[in-house]
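Heads up: the structure comes next, in structure tokens.
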Amino acid sequence: MITAVAASMGRAATPAPGAQSSRLPRAVSRLRLVLRSSEAAARSGRERWMGCFRPAPSPATAAAAVKEAMKGKRPEVEVEPARGGGEDVWSADAEVAQAGAFPEHLVIMVNGLVGSADDWKFAAEQFVRRMPDKVIVHRSKCNSATQTFDGVDLMGERLANEVLSVVEQRRGVKKISFVAHSLGGLVARYAIGRLYEPNSRSKSSGGRDDVEHLEGHIAGLEPMNFITFASPHLGSSGNKQLPFLCGLPFLERRASETAHLIVGRTGKHLFLTDNDDGRRPLLLRMVDDSGDLQFRSALRSFKRRVAYANANFDHMVGWRTSSIRRQHELPKHRLLVRDEKYPHIVYVEKEVTDNNGTEAHADLYDPEEEMIRGLTQVPWERVDVSFQKSSQRLVAHNTIQYSVRGSRSHAYSNSHTKEQPNLYLQCLVDTY
């Protein structure tokens, strides 16, 4: 029996001549594959070890490599809660290119009345994707919902503290810009007055541009762009400055008397009815340097100041107050021509400084005229926008902020796509 079992086992272990010839090549192939893999692993290990002694690529080389790899690919966007509130948005690819560092340009986005940081979410992401190696965007969160009723000054103080926290956290940033919607424009103007630091360099030598651009810093950073969208720079108390009241004097008077009942101290500031400690209305003080708050100097320190304004269909903020103009200075409708690149832009006025403003009547005090004169002591660009052909024209006040969404919302006409440049982030893009 043992002999029979051994014989059967021997037969099973001995392959047929045909089977032996077919298995031999496969075994050899497997052996070659194993040897080749081992050799590749060893070579990879040697390369990694030798890489420790090679010089690291320069930031420019690394950035170029990342840009090459990103061709045809949407940059990844990272979001992180910032110390002190809000969220920072940046490109993960830019962080890799700069060996873990962040871009040097910090952009602060500020919401308007009853708004929140979420209002800028999509815009921030699109902006970072558009300029992945240049900007880190911070969406402010310190003034949301009913906190926007606390008054421009308290909101401005909170924003200033939040910005300081962000700068402390992101020590690599060197430049700063502000992008603000509606009431956020006034809050940002107050905050930069608090954050302004005079430049220690002499201002007597050099030309006019040197004086303007090198006059100081904001939170220790180089000021670049100050951009507002439909912001009531002149307040809401003048005729047709609050358009949904239809310019009726009775309604406008009632609004100025009751605004504080609805939107608290903010209403008093907007209608210039505040007189805290017997002082002049806050918006009048914010057009000049006032004590330790250097409002005008802070504005002057920015390389660009741009006021975007709705020429029509904005029922919350009038055309004059958002563009910082007198009534007779508003462009005539026959001059409003659509821009080929940005179809909703209908008029652009480049860096205008008011050196010969209309004199106010001696017997009639006009606070609006005083604010115009003060604010236009520094040059502003005015960009007038019209959503007349948009399905969202009746809510133009919000559309001017959300227009960055392109075809993903109804704010743009159907001819726009999400990848096309939006109508307002153009300002920061064109700076580079």
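Derivation of every value follows stated rules applied to the coordinates shown; laboratory data play no part. As the structure is a prediction and not an experimental result, all values here were calculated from the model. Note that each Cβ is placed from the backbone with ideal geometry, even for glycine, and that neighbours are counted across all protein chains shown.
Taking 25 Å as the cut-off for C-alpha to C-alpha distance, list the pairs among Lys240/Lys303; Lys121/Lys268; Lys141/Lys341; Lys240/Lys268 that go past it.
Lys240/Lys303; Lys121/Lys268; Lys141/Lys341
Can you work out the FRET efficiency for the pair Asp277 and Gln377, with r the C-beta to C-beta distance and R0 = 25 Å, to the nearest 0.05?
It comes to 0.45.
For the range 129-181, which trypsin sites (Lys or Arg not before Pro) are both in a DSSP coil and crowded by at most 14 other Cβ atoms within 10 Å?
Sparse-neighbourhood loop trypsin sites (Lys or Arg not before Pro): Arg171, Lys174.
Could you work out how much longer the chain between Gln147 and Asp289 gets when fully extended? Use 0.36 nm per residue separation minus the Cα distance between them, nm to one decimal.
Taking 0.36 nm per residue and subtracting the Cα distance, the gain is 48.5 nm.
Report the extension gain between Arg254 and Lys332 in nm, rounded to one decimal, defined as 0.36 nm multiplied by the number of residues separating them, less their alpha carbon distance.
25.0 nm
Which whole number in µm²/s is D for the range 78-190 by Stokes-Einstein, with the Kirkwood Rh taken over Cα pairs at 37 °C and 0.692 mPa s?
237 µm²/s
Once you put a point 7 Å from the Cα of Leu394 and another 7 Å from the Cα of Lys350, both along the Cβ direction, what distance in nm separates them?
Distance between label points: 4.0 nm.
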